[in-house]
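One structure is given below, encoded as structure tokens.
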């Protein structure tokens with residue numbers, strides 16, 4: 001009788017320890033998931049700012065680049081596509097499909113912007129325009145902010161994914177449907193075309 | 001540059017130096033103990049000549065406890081007083097240097113650029129955007145961060161820094177300042193300045209003992225006062241040495257962290273090289289008391305190298321870029337400030353001169 005009681009107590013204690021262990025891992029996963037979601041919110045702020053700046057830029061450039069309307073329209077179209085891709089990604093940060101769509105839309109936008117900047121090199125009046133100068137400074141800065149917040153996002157996604165994949169938390173992640181998050185990596189080819197805005 | 005390795009090294013050196021600091025205080029307590037032991041036994045022997053020397057005990061726990069509590073108490077009260085006097089928010093410090101607040105919706109192109117760079121680095125470092133100040137009267141290239149917590153921090157840059165550096169270089173300098181904010185260097189320095197002041201208080205108490213109880217019959221107290229003055233002076237000297245060594249380590253740490261944030265060692269190295277030709281000297285008379293907070297050496301080469309708050313420029317550049325050829329960059333490519341003529345004079349005249357000075361010193 002007495003031994004049974006001891007065995008039961010030991011078993012109960014073990015079950016309690018196991019339950020606490022599971023709860024700990026679960027909470028850790030939730031914390032990491034919230035962290036990368038928050039990191040995405042930071043990117044979202046900067047991307048939105050970038051999408052707000054581009055129409056102003058196009059509006060300013062329009063007066064000077066009368067014969068380049070094709071490039072300007074391409075920029076606007078790429079901007080709209082990127083904005084809607086961002087809306088999709090912001091609704092569900094880390095979702096692989098949404099993130100890949102955003103990455104490719106951002107790549108296209110950077111490419112068309114790069115072409116616009118290359119064109120504007122040929123128009124000294126446009127380059128000297130103070131509105132254009134300040135818009136380009138803002139755009140450079142926003143670009144940098146996006147890349148710094150992208151670093152933070154990618155770091156936190158990596159921490160989450162690692163925690164999700166290592167044993168034994170992989171068992172808990174599988175049971176409670178913690179899905180893999182996707183890095184925000186702008187493709188190599190698009191990156192090469194990233195707008196070069198230099199003021200030195 | 002392997003910035004994580006450099007950061008680890010600087011952090012480790014900091015810990016060693018903090019241990020030295022604690023050892024220094026232990027040495028002070030031991031010295032005061034030995035001094036009072038000798039004095040009181042000397043007096044005792046004089047008053048009762050019959051007592052044999054064998055009763056002279058080295059270990060007197062009660063006296064030691066009194067000495068320890070007394071010394072620690074003086075140092076603690078002194079440092080609390082000094083810390084309270086120094087503990088002002090970042091913006092108060094920046095304003096006392098003649099800083100002008102850069103508003104968040106400034107339209108001046110260079111201020112805009114400065115603001116943007118600081119906002120970018122705030123994201124990279126993961127701290128809130130500090131208040132931003134420009135020191136309009138300073139032509140050298142320098143910057144500082146002040147404040148105790150990331151929440152009340154301020155960053156101030158000299159006008160030379162804002163106008164002579166390009167975007168990448170400015171990013172390097174600002175990243176360095178963010179490291180000071182993030183690593184709590186201002187707090188560390190404040191504490192150490194407090195403790196050094198506390199040690200200084202020992203000497204002050206020594207002087208009070210000598211003057212207020214100057215009668216012949218109070219000889220032992222006067223001797224103790226003398227001992228306290230000597231111990232206090234030696235303690236302050238070593239305290240300053242350790243403080244300067246600490247500050248140099250934090251500069252290396254900040255350089256390495258700046259490269260971590262920007263991932264662009266060329267920017268920081270080029271900013272340091274421009275300082276090599278333009279100089280980082282400050283005109284403010286208050287530069288001395290805050291020299292440890294600045295990006296570059298604000299006071300010029302110190303008389304005694306071990307008391308320098310910053311490592312030599314060449315050493316900092318080599319830590320970032322080991323292949324540096326030892327020649328400082330000319331600033332000619334940089335945008336010119338409002339006073340084109342004055343700026344040009346600074347660039348050509350002083351540039352050559354400091355470079356020459358530097359090479360002869362090395």
(message) Which of the three applies to the protein assembly as shown, rounded, prolate or oblate, going by the alpha-carbon gyration tensor with a ≥ b ≥ c and a/c under 1.5 meaning rounded?
(response) oblate
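Which whole-number percent is the relative contact order of chain A (Cα, under 8 Å, 6+ apart)? Could you put the intermediate results ahead of the total?
Working: 187 pairs, mean separation 66.4, N = 200.
Relative contact order, chain A: 33 percent.
Using helices alone, what [θ] at 222 nm do you get for the protein assembly as shown, with -39,500 (n - 2.57) per DSSP H run of 4 or more residues, divided over all residues and rounded to the nearest 500? Intermediate results must be reported in sequence, preceding the final value.
Numbers: 19 runs with 390 residues, N = 562.
Mean residue ellipticity at 222 nm (helix-derived): -24000 deg cm²/dmol.
Suppose we keep just the DSSP beta bridges with both residues in the protein assembly as shown; what percent of those would be antiparallel, to 5? Don't skip to the end; give the middle numbers.
On the way: 8 of 13 bridges.
Just about 60 percent of them are antiparallel.
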(request) Grab the beta carbon distance between residue B:45 and residue B:324, set R0 = 45 Å, and tell me the FRET efficiency rounded to 0.05. (result) 0.10
(request) Calculate how steeply helix A:69-91 sits against the longest principal axis of the alpha-carbon atoms of chain A, using the helix alpha-carbon long axis, and give the answer as 0 to 90 degrees to the nearest 10. (result) 10 degrees
(request) Return the FRET efficiency for the residue pair residue B:9, residue B:77: r is the Cβ-Cβ distance, R0 is 25 Å, and the value is rounded to the nearest 0.05. (result) 0.10
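Give me the inter-chain shielding for B:167-176: mean count of other chain Cβ atoms within 10 Å, whole number please. If you can, show how the numbers build up before the last one.
Details: counts 8, 2, 1, 0, 1, 0, 0, 0, 0, 0.
Per residue, the average neighbour count from other chains is 1.
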(request) Count, for each residue of B:118-129, the Cβ atoms from other chains sitting within 10 Å of its Cβ, then give me the mean as a whole number. (result) 4
(request) Report the residues of segment B:94-130 in range of a label on residue B:137: point 7 Å along Cα→C-beta, backbone N strictly under 20 Å from it. (result) B:94-102
(message) Once each part is reduced to its C-alpha centroid, what is the distance from segment B:232-261 to segment B:77-112 in angstrom?
(response) 22 Å
(message) Based on Cα coordinates alone, diagonalise the gyration tensor for segment A:35-178, multiply each eigenvalue by 5, take square roots, and list the semi-axes in whole Å, largest first.
(response) 38, 14, 11
(request) Report, in degrees rounded to the nearest 10, the 0 to 90 angle that the Cα long axis of helix A:2-62 makes with the longest principal axis of chain A. (result) 0 degrees
(request) Rank these for me by crowding, B:113, B:139, going from fewest to most other beta carbons within 10 Å. (result) B:113, B:139
(message) How much of the DSSP bridge set in segment B:114-233 is antiparallel, in percent, rounded to the nearest 5?
(response) 45 percent
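What FRET efficiency would be calculated for the residue pair residue A:162, residue B:207, taking the C-beta separation as r and a Förster radius of 60 Å, to the nearest 0.05?
E(calc), rounded to 0.05, equals 0.45.
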(message) What whole-number distance in Å separates the alpha-carbon centres of segment B:128-193 and segment A:61-117?
(response) 36 Å
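Since every read-out is calculated from the coordinates, none of them should be taken as a lab result. Model, not experiment: these values are computed from the prediction. When we count neighbours, we look across all protein chains shown, and the Cβ atoms used for this are built from the backbone with ideal geometry, even at glycine.
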